[in-house]
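Quick notes on the structure that follows.
The values are calculated or read from the model by the stated rules, or taken from the named source; none is laboratory data. Because the structure is predicted, anything quoted here is derived from the model rather than measured. Neighbour counts run over all protein chains shown; Cβ positions are idealised from the backbone, glycine included.
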């Protein structure tokens, strides 16, 4: 047994030994695959005109709108217009039932006729009494009584004539007339319904002048001026509309403490009373070093951008200034963290960690090298 163990040990000792594999050196580079970028994935810091803007939103309102209301209590006999119909100022739009008012007018006219007859009697009596007093047949006191009767009859006639005019006005108020020119936007009652005084029956809006009512916070109010230009987009439309601030309300809204600014919108076929619009008002303009706002990352404690440095990504914390618009693009002023001409990953590149090797498009290789040399 001892001899067998000695033989096995001798055989193992005669086998050639395999060399050990050394671990890679700590500083040795490991080949990695570069992240290939497209032209749309890069943007740069540029010095451009920057316009500070104030974002606004609100409802569009027609400057001129009116409700056709019932001036008398009656049943709606007919309505001659529907929603969307164009109307002229003073145009007859419908009729309330005039039966009651016709009879009231006739009653007032008959009472006026009776009062006129009584006045004629009183006048003749006064004339006769004056002759009798002159002949000494009656006393002056009787003449004074006939004079008072004539004055009373005269006042009764005037009251009756006023009642005729009131009845005639009520009869005329039974006609529904357009107070302004425009389009019918609502029918708030239907024929056959009995409406009370001041009940709303129709709404008319004039779309020739449309304004946006925007709520402005107190901190933004100081920089807002009448005449400032604005760009708006209306929900449901892709067109950009121009507007300008025409009025600023002198009072703040109760509760929100915001102040309403009124922006006159350039006429457009898509504008409708009550639509919602949003946009921005141009406040101030100056040259500044800017970066597209979409390239600023906010997933960390401080805003940062991903700069291309020597072909690799580098995160740079930013000190931001004024936000605004430049050539229709939302940009932000860079106060510190980047230099003019630095190339930065755009939002389309996504979140890329620091130190990732990049492969830039050939057309941008030259500018990328210039940026990396700084």
Against the definition (part of a helix (DSSP H, G or I), free of Cβ contacts under 8 Å to residues at least 12 places away in the same chain and surrounded by 17 or more Cβ atoms within 10 Å (Cβ to Cβ)), how does residue 133 come out, yes or no? yes
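Assess whether residue 149 counts as being in contact with a helix residue (DSSP H, G or I) (Cβ under 6 Å, 6 or more places away or on another chain), touching a residue at least 60 places away in the same chain (Cβ under 8 Å) and part of a helix (DSSP H, G or I).
Values: in contact with a helix residue (DSSP H, G or I) (Cβ under 6 Å, 6 or more places away or on another chain): yes; touching a residue at least 60 places away in the same chain (Cβ under 8 Å): no; part of a helix (DSSP H, G or I): yes.
Answer is no for this residue.
Tell me which strands (runs of 3 or more DSSP E) are completely within the stretch 249-356 and hold 2 or more residues being surrounded by 12 or more Cβ atoms within 10 Å (Cβ to Cβ), under 18 Å from the mean Cα position of the chain (by Cα) and in the same structural domain as residue 230 (by TED's automatic domain parsing), or say none if there are none.
Output list reads 259-265, 276-292.
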Would a scan of the stretch 219-240 turn up a residue that is assigned to a strand (DSSP E or B), free of Cβ contacts under 8 Å to residues at least 40 places away in the same chain and surrounded by fewer than 18 Cβ atoms within 10 Å (Cβ to Cβ)? yes
